[in-house]
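Take a look at the structure set out below.
The values are calculated or read from the model by the stated rules, or taken from the named source; none is laboratory data. On a predicted model such as this, the values are computed, not experimentally measured, just so you know. Neighbour counts are summed over all protein chains in view; Cβ atoms, including those assigned to glycine, are modelled from backbone coordinates with ideal geometry.
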Amino acid sequence: MGVEQFVEQIAFEHGGLRLSALANGEGPVVLCLHGFPDDLHSFRHQLPVLANAGYRAISLALRGYEPASIPENGDYTVESLASDIIAVVDQLGSDPVHLIGHDWGAAVAYTAAAAAPERFESLITMAVPHPGRFAREGLRIFKQFRNSWYMGFFNVPQISEWVVSRRDYAFIRKLWRDWSPGWTPEAHVLERVIDSLSQPGVLSATLGYYRAALSLKALTLSAAEAYYPVPVPLLALTGEQDGCIDSAVFERLMKPKDFPRGLKLERIAGAGHFLHQQQPDVVNRLILQWMENRHAMLD
């Protein structure tokens, strides 16, 4: 079933960019942020479940994932990505929202929550640990450095675009296989992702995230800047077979002192990097329990 069959298609404007989104339900807002290589349909298993539980679930297309959201200045720093999210939350109303992020969406979620904690009721991240910890400590772990080879490759403009797009984006299909070994998503899932990346300028925009992350400015942050605290209650999920960011590395880098309002870690069996798509029932149950407990604490 296509996610469009049971959701609204909406959009937000920020800084001259138009950010598309899918929305479903009414109630407290749950904002979902996808990663790479993926798109806003990543949360097709979560939106209807969240809506049925009494939430307004919104899946947002991140900056650069459609031609209308490609910035003229090519700014894909995580701080600018986070500013998009804060602007969207402001447009949604005054109540704090629950923020869910997968992969790059998780990196953006940490940054947005650190910059404006009062706008977020809780944080749920999947597959990517604290960005500062990952950059300064995770890449020093040999197994993780080896798994992250693609990050350096994406910093070779033009050549990386050519390699990624050739043979009908065979590179992207391989990443999905490697990152979630033993799992084959429905054919339409990858076709939709590839259709998204094939739009004018979008592939270069998405690779721009990695180029910004490995810029001189990003790599020379002080320890205080890199290890910023995230003062929002956090549920962090990792897939046991994640071939992108190893689950043991993920757990090692998630330090309670970085999350002063609480950190809960969960490892999902039978899932790799795309855990919310591989084990949606398990992930949905954990998300709902987490948010219900947060609301119960406020009552």
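Okay, residues lined up against (1) farther than 23 Å from Ile58 by Cα; (2) among the hydroxyl-bearing types (Ser, Thr, Tyr); (3) more than 20 Å from the chain's Cα centre (by Cα); (4) at pLDDT below 95:
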{"residue": "Ser80", "(1), (2), (3), (4)": "no, yes, no, no"}
{"residue": "Ser94", "(1), (2), (3), (4)": "no, yes, yes, yes"}
{"residue": "Ala114", "(1), (2), (3), (4)": "no, no, no, no"}
{"residue": "Arg119", "(1), (2), (3), (4)": "no, no, no, no"}
{"residue": "Leu139", "(1), (2), (3), (4)": "yes, no, no, yes"}
{"residue": "Lys143", "(1), (2), (3), (4)": "yes, no, yes, yes"}
{"residue": "Tyr150", "(1), (2), (3), (4)": "yes, yes, no, no"}
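Across region 252-282, the qualifying residues are those that are acidic (Asp, Glu) and in contact (Cβ under 8 Å) with a residue 24 or more places away in the chain, and the one among them that is surrounded by the fewest Cβ atoms within 10 Å (Cβ to Cβ) is Glu266. Taking residues in region 155-182 that are over 18 Å from Gly208 (Cα atoms), and partners anywhere that are of a type in the set (Asp, Glu) and surrounded by 14 or more Cβ atoms within 10 Å (Cβ to Cβ), the pairs with Cβ atoms closer than 7 Å and at least 6 places apart or on different chains are Trp179/Asp242. When Leu81, Leu62, Leu19, Leu47 are checked against the criterion of being touching a residue at least 12 places away in the same chain (Cβ under 8 Å) and in contact with a Cys (Cβ under 9 Å, 6 or more places away or on another chain), a single residue qualifies: Leu47. What single numbered condition from (1) surrounded by fewer than 22 Cβ atoms within 10 Å (Cβ to Cβ); (2) out of contact with any helix residue (DSSP H, G or I) (no Cβ under 7 Å at 6 or more places or on another chain) fails to hold for Pro229? Of (1) surrounded by fewer than 22 Cβ atoms within 10 Å (Cβ to Cβ); (2) out of contact with any helix residue (DSSP H, G or I) (no Cβ under 7 Å at 6 or more places or on another chain), only one is false for Pro229: (2). Of the residues making up region 45-61, those that are among the hydrophobic types (A, V, I, L, M, F, W, C) and assigned to a helix (DSSP H, G or I) are Leu47, Val49, Leu50, Ala51. Within the option set Asp281, Asp195, being assigned to a helix (DSSP H, G or I), over 22 Å from Ile100 (Cβ atoms) and among the acidic types (Asp, Glu) holds for one residue only, Asp195. Need the failing condition index for Asp75 against (1) charged (D, E, K, R); (2) assigned to a loop (DSSP other than H, G, I, E, B); (3) modelled with pLDDT under 95, just the number. All conditions pass for Asp75, except number (3). Checking each residue in region 128-137 for being at pLDDT 90 or above and of a type in the set (Lys, Arg) picks out only Arg133. Among the residues of region 241-253, none qualifies, meaning not one is closer than 30 Å to Trp183 by Cβ, assigned to a loop (DSSP other than H, G, I, E, B), more than 16 Å from the chain's Cα centre (by Cα) and aliphatic (A, V, I, L, M). Answer yes or no: is there a residue in region 216-236 that is β-branched (Val, Ile, Thr), modelled with pLDDT of 95 or more and either outside any loop (DSSP other than H, G, I, E, B) or closer than 19 Å to His34 by Cα (or both). Looking through region 216-236, none of the residues is β-branched (Val, Ile, Thr), modelled with pLDDT of 95 or more and either outside any loop (DSSP other than H, G, I, E, B) or closer than 19 Å to His34 by Cα (or both).
Only one of Phe120, Phe154, Phe134 is within 30 Å of Val232 (Cβ to Cβ), touching a Ser or Thr at 6+ places or on another chain (Cβ under 8 Å) and surrounded by 19 or more Cβ atoms within 10 Å (Cβ to Cβ); which?
Numbers: Phe120 fails: touching a Ser or Thr at 6+ places or on another chain (Cβ under 8 Å); Phe134 fails: touching a Ser or Thr at 6+ places or on another chain (Cβ under 8 Å).
Checking each option against the conditions leaves just Phe154.
Residues that are farther than 18 Å from Ile100 by Cβ and among the charged types (D, E, K, R) within region 231-250 comprise Glu240, Asp246, listed in sequence order.
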